[in-house]
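What follows is a set of notes on a single structure, which appears directly below.
The values are calculated or read from the model by the stated rules, or taken from the named source; none is laboratory data. Given the structure is predicted, the values throughout are model-derived calculations rather than measurements. Glycine gets a Cβ as well: all are built from the backbone with ideal geometry, and neighbour counts include every protein chain shown. Calculation scope for accessible area: heavy atoms of the full protein, side chains included, ligands and nucleic acids excluded. Shrake-Rupley method; radii C 1.70, N 1.55, O 1.52, S 1.80 Å.
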Amino acid sequence: MTKADKRLLIIIFIVSFFAYALIQLYFNHALSEGQVIVKSRGEIVKYIHLQNDENVQRLEIEGKVGLLIIEIKDGMVRMVSSNCPEKICIKQGWIKNPGQSIVCVPNEVVVYIDNDNEELPDAITR
Amino acid sequence: MVKTQKLVYLSLFVTVATALGFIEMMLPYPMPIPGIKLGLANIVTLLIIYLYGLKEGLAVSLLRVFFVSFLAGTFLSVSFMLSLSGAILSTLIMYLFKKYVAVFSIIGISIIGALAHNIGQVLMVILLIKTKYVIFYLPILLITGLPTGLITGYIAKYLLSYLNNTK
Amino acid sequence: MKKYRFVIATVLLFLVILIGGSIVRHQNIHEYKSEEFLMDTLVSISTYGTDTDLLKLATEEAFAEMRRIAELTNRFSESDPLTYKKSDVNRINKMAGIEAVTVDKDVFNMLKLAKKYNELTEGVFDITIGPVMDLWGFGQEEQSLPSSLEIKKVLELVDSKNIILNEDLCTVYLSRKSMSLDLGAVAKGYAVEKAVNILEKQGIKSALIDAGGNIRVLGKKDNDKLWKVGIQDPRDTSSLVGILSLVDESAVTSGDYYRSIEINGKIYNHIISPKTGFPVGDNMSVTVITKDAFTADVLSTALFLMESQQAVALAEELEGIEAFIVNADQEILMTSGLIEKVVVK
């Protein structure tokens, strides 16, 4: 290993570590009343206001390969069922902070917490 | 080296790479964060770049990605796309760094390759699902890319000196 | 080497200027958002601009105006004599068949327009539906299913032609006894439009009013982007069926899911047809997009009461009116002008 190799190792480690720490810190400070946004194939298909209540909500999402089910509880959301082969999305468990996301690549579905209402419409007529 | 000889050697390498890639697929999945893997097949890519050049490196890694996906039945699937983008980006970057940045040894190049591989995969996910939020996975992916890059780097180094001595 | 340094320095400088400039530009626009419960719904006014004091002032004035309209048009305040007196609608209704009542200019305006739309929609839109609403019990504690005989009797009182307006004296006279006006379908839209007028007068260039789903946008968002207004899925409150891109206009939706009541296991929505005395079932939701919020409110109710195809046809005919309809089969129909404005899910 040359000196340059060692430096590379150290720099990448430090930078990533700090980036990771920053992300965790910043997002853990964020409001817990966020919005869960679900995108399927690039389009927003669901948006749910997250509240810290005990109500358990289950929602169905249509993915490219099949149906997925997410569960919302206590201001957190997770994937409970999906027909994807590797079930990575389910193994990710609960997310609750803006910036966190659960991705099911085969289904092209992303479930994430929106932190600045960037993706949501400005208003909804109903 | 005669053309046919080269072809034979390269085919051997492709086979080895494919085998490695396939074995790696069979290993149990350690962590919930997508994209973490040992990258054993990259050892071969690395060797090819050092023994031959960019063309051969790209050819071998692309063929490896194709063959592994054929064997695993994931041809043209999403994981195929991810492996492809990871392989292309890492091969390219490894070659560029090897050629133009002399300060890095094969270890360093291997680390860079592992990082580039992960970055390539994240970029592909962003492209496919049109979400920018996966960027938040990068720090973790980069950190885990370091040990895998180190390991494959050392293995490649010893293999390289062995090959060079026996040639 | 020296040349490189110069190039890098220039590029960095350029980047700094670019980033700095956009930060400065962005920092200048503030948002002032305020909410109030009015006309039985949550009204929220969001204004954008560089002068926060102006935003606050204008919003306050806008709300004051909305409160004023709400008081004038409130029909259900019999319990509170003070509020009751302030309502022109109550006075008009009380004097039905008796004598003409002097009303506020805005109320007169509302009724004049209501009569115009009554004619335009050939009676589908009719604010004299008060007696029918009362029969059902909408707006009161208990609701019950009226018999067809009761409905028939009460429908005789429904006819906007019996609203006699005197422009010079600014009076309104309901010519038949027991007639009553219900402005529930239109007062919100009118109030919202008046509020926007006030914001405009105060110099506000960018604002969004959300009155329980009645959306009215003023100008552009951040002064350069179109407002994104989603259309709620009538069968799933967490989903959208479409997203509109709006500038200086209004989007109002009438739906069968909002304020419906259940009687003997059957669900009845609160949009009653002035022709049959019953709710209609051809549409799940109708969204009307047009500049004026009052018009949007009126037409969304009117179109909702029509057959889906008829509704689209009428909207298509009318200038400056676009409509987005989800019919009973959950199919989407819309006017041709909407193609560039909406993204359908």
| Mind checking the mean number of beta-carbon atoms from other chains within 10 Å of the Cβ atoms in A:55-66? | 1
| field | Peptides C:272-281, B:138-147, C:97-106 ordered by average Cβ neighbours within 10 Å, highest first | value | B:138-147, C:272-281, C:97-106
| message | For the stretch B:144-167 and the stretch C:219-289, what is the centre-to-centre distance using only Cα atoms, to the nearest Å? | response | 64 Å
| said: Given Cα positions, please report Rg to Rh for chain C, the hydrodynamic radius being the Kirkwood one. | reply: 1.08
| Taking the Cβ-Cβ separation of C:Thr50 and B:Ala59 as r and a Förster radius of 56 Å, what is the calculated FRET efficiency to the nearest 0.05? | 0.40
| message | Among the listed pairs A:Lys46/C:Lys201; A:Lys6/B:Lys37; C:Lys112/C:Lys225, which have their C-alpha atoms separated by more than 31 angstrom in this model? | response | A:Lys46/C:Lys201; C:Lys112/C:Lys225
| task | Describe numerically, in nm with one decimal, the distance between label points set 7 Å from Cα along Cα→Cβ at C:Val344 and at A:Lys6. | result | 6.6 nm
| the stretch C:233-299, Cα convex hull volume normalised per residue, Å³ | 102 Å³
| request: Can you send over the carbon and sulfur percentage of the accessible area for chain A, probe radius 1.4 Å, protein chains only? | output: 56 percent
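To the nearest 100 Å², how much accessible surface do chains B and A cover up together, summed over both, with a 1.4 Å probe?
Roughly 2800 Å².
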| Whole-percent carbon and sulfur share, accessible surface of chain C, 1.4 Å | 53 percent
| Value at 222 nm in deg cm²/dmol, rounded to 500, when DSSP H runs of n ≥ 4 in chain C each add -39,500 (n - 2.57) | -12000 deg cm²/dmol
| field | Alpha-carbon Rg with Dmax, taken over the stretch C:263-345, Å | value | 13.2, 44
| request: Return the FRET efficiency for the residue pair B:Ile23, B:Leu163: r is the Cβ-Cβ distance, R0 is 25 Å, and the value is rounded to the nearest 0.05. | output: 0.75
| request: For chain A, state the average projected area of the convex hull of the C-alpha atoms over all orientations, rounded to one decimal in nm². | output: 10.3 nm²
| field | chain C: relative contact order in percent, alpha carbon pairs under 8 Å with at least 6 residues between | value | 15 percent
| task | Using a 1.4 angstrom probe on the protein heavy atoms only, line up C:Met39, B:Met26, C:Met334, C:Met66 by accessible area, largest first. | result | B:Met26, C:Met334, C:Met39, C:Met66
| task | Go ahead and run the numbers for FRET between B:Tyr100 and C:Leu226, Cβ-Cβ distance against an R0 of 45 Å, rounding to 0.05. | result | 0.45
| field | Alpha-carbon spread of the protein assembly as shown, three principal axes, descending order, Å | value | 115, 58, 45
| message | Less than 18 Å from a label point 7 Å out along the Cα-to-Cβ axis of A:Arg41: which backbone N atoms in the stretch C:313-345 qualify, by residue? | response | C:331-332, C:343-345
| request: Compute, for A:Glu86, the solvent-accessible surface of its heavy atoms (probe 1.4 Å) with the complete set of protein chains present, and express it in square angstrom to the nearest 10. | output: 100 Å²
| field | Helix-only [θ]222 nm of chain B, DSSP H runs n ≥ 4, -39500 (n - 2.57) each, per residue, nearest 500 | value | -27000 deg cm²/dmol
| field | Within 10 Å of each Cβ in C:241-247, the average number of Cβ atoms from other chains | value | 2
| task | Please average, across the residues of A:75-86, the number of beta carbons from any other chain that are within 10 Å of each residue's own beta carbon, and give a whole number. | result | 1
| request: May I ask you to order C:48-54, C:185-191 by the average number of other C-beta atoms within 10 Å around their residues, highest value first? | output: C:185-191, C:48-54
| field | Long pairs among C:Lys56/C:Lys221; A:Lys96/C:Lys221; A:Lys3/B:Lys98, criterion Cα-Cα beyond 24 Å | value | A:Lys96/C:Lys221
| said: Using a 1.4 Å probe and counting only protein heavy atoms, how much accessible surface gets buried when A and C come together, both sides summed, in Å² to the nearest 100? | reply: 1700 Å²
| message | Under a crude label model (7 Å from the Cα following the beta-carbon direction), how far is A:Asn55 from C:Thr276 in nanometres? | response | 3.2 nm
| Any cysteine of chain A lacking a neighbouring Cys Cβ under 4.7 Å - listed by number | A:Cys84
